[in-house]
Amino acid sequence: MSYNTFGHMFRVTTWGESHGPAIGCVVDGCPPRLPLSEADIQPWLDRRRPGQSKFTTQRQEADRVEILSGVFEGQTTGTPISLVIHNTDQRSRDYGDIAERYRPGHADVTYDRKYGIRDYRGGGRSSARETAMRVAAGAVARKVLGQGVRIRAALVQVGALKVDRTRWDWDLVGRNPLFCPDPVALAQWEELLAAIRKDGSSIGAVIEVVAEGVPVGLGAPIYGKLDSDLAMALMSINAVKGVEIGEGFAAAALTGEENADPMRMQDGTLRFASNHAGGILGGISTGQPVVARFAVKPTSSILTPVPSVTRSGENVEVMTKGRHDPCVGIRAVPVGEAMMACVLADHLLRHRGQVGG
């Protein structure tokens, strides 16, 4: 299978399956002499780790990362950085019933028809378990970007319930298991998710990622647009069905005057009066915060029987057992941050390679 690598100068290749012995990644292109240890990576993985609240899958994985190469005496060497996480809580028996059945909403049918073989244990390579290694790679990318770039994400919608931006509190995001910035929405979401979980169902969500301190000039006008690469990276996350930058789809309802980001010189510096563009114009970063949102569909693994077919073409009903997230969007928050970090790190190195600095 190809297409397991993303990035150009900062390249990440992930490997492994949901119920295999381990998952891992190789980060290539990281500059030398950056301080890096497992302790730098682990906190980001802990934010994504399963089994931390009643609102996520109860699979118990420590997700302890191990650096196998590319670091010597606490510094990156410029050679490929290999990272591994051992799986410890697989329950493959939960998936025996769907070995010959396609789960509606999953990649089972397309995967099997493309390759003629699939690992049905938890989805195999198509499982969101793979995203743990993206988070690990994102920790390395943050080292490349430096402390001047700050990347944060929050859940802004669960089902039809959205946050009220007048109550936005970034500090609250780090203090609750739903990564919610609005205390009122948090209480509403907890009630909704409790009911969804009790029914054995699932629900979708929207995540917003914001990168502050991004330098001017990242990206290129045509096929190397920063926003197109960011959209691709976010869309590659499991279960993502929509991505927008800045105002996104809401821009279609605005006039040119409303959508424009007026500019003025202030104290010798160019200033923008607004940020409808999401920090990117013509595919190139403006120096404003880069803002992206992505929509995650409801978890396809539900306890309600759904009509489907078998590999041999028989009509059946499928009910997915196992341990699953009632809202997979919750744990996608740190994954979105990681993909933003990887894209920005890649573009920073590409920018230096072309124009210096």
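The values are calculated or read from the model by the stated rules, or taken from the named source; none is laboratory data. Note that the structure is predicted; figures quoted are calculated from it, not measured. With ideal geometry, Cβ positions are generated from the backbone for all residues, glycine too; neighbour counts draw on all protein chains shown. Please note that ligands, DNA and RNA were not included when accessible areas were found on the heavy atoms of the full protein model with its side chains. Shrake-Rupley method; radii C 1.70, N 1.55, O 1.52, S 1.80 Å.
About its Cα centre, what dipole magnitude does the chain give when the only charges are +1 on Lys and Arg Cβ and -1 on Asp and Glu Cβ, stated in debye to the nearest 20? Please list the in-between numbers first.
Details: 41 positive and 39 negative charges, 100 e Å.
So the dipole magnitude of the chain works out to roughly 480 debye.
Looking at this model, which pairs from 162/198; 143/198; 143/241; 114/162 are more than 31 angstrom apart at the alpha-carbon?
Numbers: 162/198 22 Å; 143/198 41 Å; 143/241 29 Å; 114/162 38 Å.
Result: 143/198; 114/162 exceed 31 Å.
Stretched out fully, how many nm does the piece from residue 269 to residue 312 gain, at 0.36 nm a residue minus the Cα gap?
So the extension gain works out to 8.9 nm.
Would you mind checking the radius of gyration and Dmax of the chain based on alpha-carbon positions, in Å?
20.9, 72
Going by a ≥ b ≥ c, the root eigenvalues of the Cα gyration tensor, does region 101-241 fall in the rounded group (a/c under 1.5), the prolate group (a/b larger than b/c) or the oblate group?
Details: a/c = 2.10, a/b = 1.10, b/c = 1.92.
Verdict is oblate for region 101-241.
Would you list, by chain and number, the aspartates and glutamates whose Cα falls below 15 Å from the Cα of residue 225, excluding same-chain residues fewer than 8 positions away?
244, 346
Which of 213, 278, 256 ends up with the largest GNM mean-square fluctuation for the chain, with Cα atoms connected below 10 Å?
Fluctuation is largest for 256.
Using a probe radius of 1.4 Å on heavy atoms only, what accessible surface per residue do you get for the chain? Whole Å² is fine. Could the numbers behind the result be given before it?
On the way: 16900 Å² over 357 residues.
Per-residue value: 47 Å².
Could you look at the chain and say what percent of its accessible area is carbon and sulfur, using a 1.4 Å probe and all protein chains?
Working: 9040 of 16900 Å².
Percent of accessible area from carbon and sulfur atoms in the chain: 54.
Multiply the residue gap between residue 100 and residue 201 by 0.36 nm, knock off their C-alpha separation, and tell me the result in nm, one decimal place. Working shown, then result.
Values: separation 101, 0.36 × 101 = 36.36 nm, distance 2.27 nm.
Using 0.36 nm per residue and subtracting the Cα-Cα distance, I get 34.1 nm.
Could you give the DSSP H helices of the chain that reach 15 angstrom or more along their long axis (alpha carbon positions) and whose average Kyte-Doolittle hydropathy is no lower than 0.0? Don't jump to the answer; show the numbers that get you there.
On the way: long enough: 38-48 (16 Å, -1.40); 131-145 (21 Å, 0.89); 183-198 (23 Å, 0.37); 332-355 (34 Å, 0.56).
Sorted by number, the helices that extend far enough and score high enough are 131-145, 183-198, 332-355.
Cβ neighbours within 10 Å, averaged per peptide: list 115-123, 164-172 in order, most packed at the top.
Those peptides, ordered most packed to least, come out 115-123, 164-172.
Could you work out the relative contact order of region 207-292? I mean the mean sequence separation of Cα pairs under 8 Å and 6+ apart, divided by the number of residues, in percent.
Rounded, it is 47 percent for region 207-292.
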